[in-house]
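The values are calculated or read from the model by the stated rules, or taken from the named source; none is laboratory data. Predicted model, so just to flag it, every value in this text is computed and none were measured. Quick reminder, even Gly has a Cβ in these numbers, built from the backbone with ideal geometry, and neighbours come from all protein chains shown. Calculation scope for accessible area: heavy atoms of the full protein, side chains included, ligands and nucleic acids excluded. Shrake-Rupley method; radii C 1.70, N 1.55, O 1.52, S 1.80 Å.
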Amino acid sequence: MIDGLDLHDDIWIGNMYEKRDKFCQAFFGDIFMAGMRSTQRCEGMNKEFKRVLGKRKSLVELVALVYRLLMKLRHNQERDEFINMDSFPGAVTHLVDLEIQASSIFKHDVFKWIVREIKKESFITLKQGAECHEDGSCVYKVSVYKQPEFDHTVVYHPEKEIDSAEDPIMVCSYRMFQYRGVPCRHMFTVMKNEHIFELHKSLIVKRWTKDAKTVCEIPYPDQSMPREALEVSRYGALTAKCNRLCFYASKTDAGYNML
């Protein structure tokens, strides 16, 4: 672009080009970022607060509004947890075995990513048979239907099927798994060709599984703490427990009346 538009003397363009490895995804596509981009998480939180707060609010109103907003966010989180644990979508793709396994392992939103990749697998074609190397790996060349110029390479390691989950059984030049943590359409093409009916444990990122949010016991506060800090700590622990209890109790009349 610099050569084509003759921007060699543009200071800003020159500085951005020097920093290209800081913002161009091509330079850090192999770094797991869980689909996050820039500061979107804190920006989303700021949006929620700006929606209810204003400079004319008093301190009393401020505290009440913040409390209500946090309760809403916690409720949404509990709702999402409920959907993740209790929803089992029906099979809708041609790789039924892999889809059924994914629906039982992954969170609802991540499962939808995987379904999209499985559906797109039908547009991927093998350019040639596997090239087997001395180290036991098989190299596949794949391309998009009607777009043979866009090709990728998938390296499959059959001997790693019983090895550690930390050692990936497949690596694709598309690098979607490294960046987002889910297998890409090219990997599913190789799985279909190799008659693999289950996702290997190295292709399952625990962060995306339904049991990723482990229940941690809150340690009882140190008795040497100031009394006020001790009470605040107790209150926070009890509130976290009761919030989850209230969410599930609200699902039925019996649960509501019992609580």
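Please go through (1) surrounded by fewer than 12 Cβ atoms within 10 Å (Cβ to Cβ); (2) assigned to a helix (DSSP H, G or I) for LEU65 and return the number of the only condition it doesn't satisfy.
(1)
Is there a residue being part of a helix (DSSP H, G or I) and open to solvent by 40 Å² or more (accessible area, probe 1.4 Å) anywhere in the stretch 130-141? Walk me through how you get there before you give the answer.
Initial filter on the stretch 130-141 (part of a helix (DSSP H, G or I)): none.
No, the stretch 130-141 contains no residue that is part of a helix (DSSP H, G or I) and open to solvent by 40 Å² or more (accessible area, probe 1.4 Å).
Out of PHE82, PHE177, PHE123, PHE111, I need the residue that is modelled with pLDDT under 85 and of a type in the set (Phe, Trp, Tyr). Which one?
PHE82
Would you mind stating whether ASP80 is charged (D, E, K, R) and touching a residue at least 60 places away in the same chain (Cβ under 8 Å)? Walk me through how you get there before you give the answer.
Values: charged (D, E, K, R): yes; touching a residue at least 60 places away in the same chain (Cβ under 8 Å): no.
Answer is no for this residue.
Of all the residues that make up the stretch 99-129, how many are open to solvent by less than 40 Å² (accessible area, probe 1.4 Å) and part of a loop (DSSP other than H, G, I, E, B)?
Count: 0.
Go through the stretch 185-211 residue by residue and tally those that are assigned to a loop (DSSP other than H, G, I, E, B) and either at pLDDT below 90 or of a type in the set (Val, Ile, Thr) (or both). Reasoning before the result, please.
Taking the stretch 185-211 as the starting set, the residues that turn out to be assigned to a loop (DSSP other than H, G, I, E, B) are 194-200, 204-205, 210-211.
Retained after the next criterion (residues that are either at pLDDT below 90 or of a type in the set (Val, Ile, Thr) (or both)): 196, 204-205, 210-211.
The number of residues fulfilling the criteria is 5.
For PHE150, are the conditions met, namely being open to solvent by 90 Å² or more (accessible area, probe 1.4 Å), hydrophobic (A, V, I, L, M, F, W, C) and closer than 30 Å to GLU198 by Cα? Show your work before the answer.
Numbers: open to solvent by 90 Å² or more (accessible area, probe 1.4 Å): yes; hydrophobic (A, V, I, L, M, F, W, C): yes; closer than 30 Å to GLU198 by Cα: yes.
Here the answer is yes, as PHE150 does meet what is asked.
List every residue pair whose Cβ atoms sit under 6 Å apart, with the two residues 6 or more apart in sequence or on different chains, where the first one lies in the stretch 230-259 and is of a type in the set (Asp, Glu) and the second, anywhere, is open to solvent by less than 80 Å² (accessible area, probe 1.4 Å) and at pLDDT 80 or above.
Sorted first by the residue in the stretch 230-259, then by its partner, the list stays empty.
Could you figure out which of (1) crowded, with 16+ Cβ neighbours inside 10 Å; (2) without any contact (Cβ under 8 Å) to a residue 60 or more places away in the chain; (3) assigned to a loop (DSSP other than H, G, I, E, B) isn't true of VAL182?
Single failed check for VAL182: (2).
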